1. Kindly give the semi-axes, whole Å and largest first, of the ellipsoid equivalent to segment 55-203, taking each as the square root of 5 times a Cα gyration tensor eigenvalue.
2. Need the C-alpha centroid separation for segment 122-189 versus segment 334-365, integer Å.
3. Starting from the 7 Å offset along Cα-to-Cβ, what nm value, one decimal, do you get for the label separation of residue 168 and residue 227?
4. Any idea what the relative contact order of segment 139-246 is, in percent, if you count C-alpha pairs under 8 Å spaced at least 6 apart?
5. Could you calculate the contour length gain from residue 42 to residue 160, that is, 0.36 nm times the residue separation minus the distance between their Cα atoms, to one decimal place in nm?
6. With each label point set 7 Å from Cα along the Cα-Cβ vector, what nm distance links residue 180 and residue 143?
7. To the nearest 0.05, how large is the calculated FRET efficiency for residue 198 and residue 263 if R₀ is 35 Å and r is the Cβ-Cβ distance?
8. With a ≥ b ≥ c taken as the square roots of the eigenvalues of the C-alpha gyration tensor of segment 122-229, please select rounded if a/c is under 1.5 and otherwise prolate if a/b is larger than b/c or oblate if it is not?
């Protein structure tokens, strides 16, 4: 044993070399195993990151531009800085287009309107509450008269005018025959006088028709009378007076649309619209655009008082279609097709007012009348009823329509009024009825 130890001591380097040669394979096997595990883990991590990068590179996107005719686009694309910058450009264009559309909608609907009595709406000064209602009546009456003048409307000759014309014609006829009275006329002379009087009356009717664009009177527009106005500008009376102001706006739009239809023509004789028989707003603010008639978009004969149509009055209990108070322009307005084919009812964005219009129109040009109404300020014709008119019966009442066939057309109209501008003038009492938030301190 001592000899072995001595040899080892003598050949120490040889012994270390041999030991290293024996241990090296084992150590290398263990080390290589650890290295392979680390490499494998790193390769797997890199593969996972590459997979995530591929997922981002092929992101599935859907682009929908809500304009009729534009089909949604679905694609797998790389969401990178270039894409995001381009997407922002498109969004900015859409936002600008939306703003322009909104401005145009407000321009069409608003038309720079103002209330007739600025001190009355939305809340009158306490010291003027007793005098403002009659100021409103006078201003409203004058506005309706101005509206008729603006559209070239008027009534047929009055009975007094016709009587004076006939008296002058009879006097001339007797003078020509050197007779003092009709009692001395022969049968032939009496027949001649009757013919002249008839021709005079018809001629006067025709002459008056040639000076007008359409027949329309204050009676046809259902202008409220002085006695219908409240004694003081407060409470429910404020809602009633604002409703009359609102009804004026509605009727202005309808008559101006009809006037545009008649604009290319010289007079009643050749115009599409011969006569406005009746214009009546059939619902109340807060009724959701629902008139007293059945929910079919048909015709309403309610709203009459003492056998005639009145300007109507707002009812604080008319919350049939009262809308929720919150407004979210990004959400689609709910539609109710059970009431009309448009589905539109009063909501936080706009109010719907229904109107019944009775017209005498040229039968052949009826489509022109319908188109004129549809083009003007978001009006929609919900229903129409057509009846023939006897020209001889009409002429007896002084209405000369010309020689072509005419029809009586009864229309159910829907009009839309955006709250973005109407609420500026609304009294607090009406806002409460409509479910519109009232600013603190604005009532009383």
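1. Numbers: eigenvalues 1130, 175, 17 Å².
After diagonalising the Cα gyration tensor, the semi-axes are 75, 30, 9 Å.
2. So the separation of the two Cα centres works out to 35 Å.
3. Placing both labels 7 Å along Cα→Cβ, they lie 3.7 nm apart.
4. Numbers: 55 pairs, mean separation 45.6, N = 108.
Across segment 139-246, relative contact order equals 42 percent.
5. Values: separation 118, 0.36 × 118 = 42.48 nm, distance 10.89 nm.
Here the answer is 31.6 nm.
6. Going by the 7 Å Cα→Cβ label model, 6.0 nm.
7. Values: r = 33 Å, r/R0 = 0.96.
That pair, residue 198 with residue 263, gives E of 0.55.
8. Numbers: a/c = 5.19, a/b = 3.11, b/c = 1.67.
Because a/c hits 1.5 or more and a/b exceeds b/c, segment 122-229 counts as prolate.
Only the coordinates and a few stated rules stand behind these numbers; no lab work does. Predicted, not measured: the structure shown is a model, and the values here were computed from it. Note: ideal-geometry Cβ built from the backbone for every residue, glycine included; neighbour counts use all protein chains shown.
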